[in-house]
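S.K.: Got a structure for you, written out below as structure tokens; questions coming shortly.
The values are calculated or read from the model by the stated rules, or taken from the named source; none is laboratory data. Since we're looking at a predicted model, the values are computed, not measured. Cβ atoms come from the backbone with ideal geometry, glycine included; neighbour counts cover every protein chain shown. Ligands, DNA and RNA are excluded from the accessible area calculation, which covers all protein heavy atoms including side chains. Shrake-Rupley method; radii C 1.70, N 1.55, O 1.52, S 1.80 Å.
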Amino acid sequence: MAEKEESSAAAGGREEELKKELQSVVKKIVDEDNYGIEITLKAISILSDLSDTVLTKKFRCPISGEIMGDPVVLSSGLTYDRPSIQKWLNEGNLTCPLSKEVLSHTILTPNCLVRKLISSWCKGHGVAVPRSHQDSNGEMSTEFDRVYFNSLVTKMFSSLTDRKEAAKELRRLTTAAPSYRAVFFEFTDPISRLIGPILEGSVDSDPELQEDLITTFMNLLVDCDNMKLVADHPDAIPLLIKSLEFGTIETRKNAAVALSMLSSDNDRRLLIGNAGAPMPLLQLLREGHPIAMKEAASAILNQCVEYNNKEKFIELGAVKVLLEKIREGKLVDELINLVAQLSTHPKAVNELSELDTVHCLLGIIRETESERTKENCVAILYNVCLNDVGLLKVIWTEGIEHQTLAKLVDTGTARAKRKATALATKIGKLFPTVL
């Protein structure tokens, strides 16, 4: 950790040096009429060095300080290298190392974009691409292992007993061993062979078998290279959507996780949204089961990055459902984040423009210890209230007693300060008492 801090400090110092040098060169370009080509080239060179410095800092794991070989996203939204964050979690920590937020879950989602950027940057600079983390106890090192793995997939069309035994083993192997996840698609038509048994009858005809196969599906998606292969199969996404509705709560939760992973790509978001995922995802959240609710909320959040999907969820009543759960005190931080996402849509603004909702959001800002939740609450208030004089007056009246907005202007995150300041400025022009 000490070496990591020294490395970060050195990188930060180098960045500041380059910024000062660039500022000096740009000043000369701006101030002098007859600056030469040399100074222009120097500015370009400094910009290039600064870009490399910033990128390498972004590509380093916040825990190890090393360039990430297997970047994954924690439920806090921050990216870490898998071995480092897995060690942190294995030690019993249930908070994000950087933000200190309590984690809503400990599932690690591959950050495929960052992985591609790191690979591209390393190749462009002649640097060895860091190896993806592999479980040292789970390597597929012999041809026998491949034959064994293939035999398990083949058993999915054998007797029910063989199917169930094979499904449990596939679930175990793809959970523990990255190499099995990577090799799965080397076999002929592996998805059809894997899910064939639960497509023959009703999806939940054997809940135990269904749970093992859907969990295997989820495990396979941990490998970024598998995502497109899964999404391109005509039965994969429909099966996951059906499994949101039918099966054990573990099955439904893992189906939500799988769809959330697949929603990392905008084309797939559209595909999943158009295939009918919004209704069962919202129903899973509405039911409020502690195990599944978090994953449903995460999947909905990823889906709502796409505008058309956002509109689908709003039309299905997502705003009302979320506000009900928030008032019940369930997953407040996660659901406020989701409401903030929806509040950028005009139809959601109409539903959020209620006095009780404004009072609820102001109350959460006062009570929560999460800076991110405060930020999301004021972002919702900004989207909903900025052009509504009646709601602005509610905030103004509340501010006389509690000074909620004024405190955010002083102590909030950079984004919270911006939103709170904009609201306070508008209120100050409309009403005699300035917050």
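S.K.: On the principal axes of its Cα set, how long, how wide and how thick is the chain? Give whole Å, largest value first.
M.R.: That gives 78, 60, 40 Å along the principal axes, largest extent first.
S.K.: Evaluate the relative contact order of the chain (contact order divided by residue number), counting alpha-carbon pairs under 8 angstrom at least 6 apart; express in whole percent.
M.R.: It comes to 7 percent, rounded to a whole number.
S.K.: Something else: So which of 294/320; 27/57; 58/168; 253/407 end up more than 29 Å apart, counting from Cα to Cα?
M.R.: Check vs 29 Å cut-off fails for 58/168; 253/407.
S.K.: Now for a different question. With a 1.4 Å probe and all protein chains kept in place, how much accessible area does residue 148 have, in Å² rounded to the nearest 10?
M.R.: 80 Å²
S.K.: How do the peptides 321-332, 169-180, 214-225 rank, highest first, by the average count of neighbouring beta carbon atoms within 10 Å per residue?
M.R.: 214-225, 169-180, 321-332
S.K.: Kirkwood hydrodynamic radius for the stretch 276-435: how many Å is it when counted over pairs of different Cα atoms?
M.R.: This gives a value of 15.9 Å.
S.K.: Whenever you get a sec, line up 206, 189, 388 from highest to lowest accessible area (probe 1.4 Å, protein heavy atoms).
M.R.: Descending order: 189, 388, 206.
S.K.: Just to confirm my numbers, what's the Cα centroid distance between the stretch 259-319 and the stretch 145-200 in Å?
M.R.: 28 Å
S.K.: A further question follows. Looking at the chain, which Cys residues are left with no other cysteine's beta carbon under 4.7 Å from theirs?
M.R.: Taking the Cβ cut-off of 4.7 Å, the unpaired cysteines of the chain are 61, 96, 122, 304, 360, 377, 385.
S.K.: Going by amide H atoms built from the backbone, whose H comes under 5 Å of the H on residue 95, apart from near neighbours?
M.R.: HN-HN under 5 Å from residue 95: 103.
S.K.: Also, quick follow-up: Per DSSP helix of 4 or more residues, -39500 (n - 2.57); summed, then divided by the residues of the chain. What does that give at 222 nm, rounded to the nearest 500?
M.R.: Theoretical 222 nm ellipticity from helices: -22000 deg cm²/dmol.
S.K.: Then there's this: Got a number for carbon plus sulfur as a percent of the stretch 366-407's accessible area, 1.4 Å probe?
M.R.: 45 percent
S.K.: Would you mind working out the accessible area per residue for the chain, using a 1.4 Å probe, and quoting it in Å²?
M.R.: Here the per-residue accessible area is 48 Å².
S.K.: Under a 1.4 angstrom probe, counting protein chains only, how are 129, 72 ranked by accessible area, largest first?
M.R.: Largest accessible area first, the list is 129, 72.
S.K.: Given a 1.4 angstrom probe, I'd like the percentage of the accessible area of the stretch 150-258 that is carbon and sulfur, rounded to a whole number.
M.R.: Accessible surface attributable to carbon and sulfur in the stretch 150-258 totals 52 percent.
S.K.: Give me Rg over Rh for the stretch 167-240, both radii from the alpha carbons and Rh done the Kirkwood way, two decimal places.
M.R.: Expressed as Rg/Rh, it is 0.93.
S.K.: Beta carbons within 10 angstrom, averaged per residue: use that to sort the peptides 105-117, 154-166, 19-31, highest first.
M.R.: Packing proxy ranking, top to bottom: 105-117, 154-166, 19-31.
S.K.: For residue 187 and residue 208, FRET efficiency with R0 = 30 Å and r from the beta-carbon atoms, rounded to 0.05?
M.R.: 0.80
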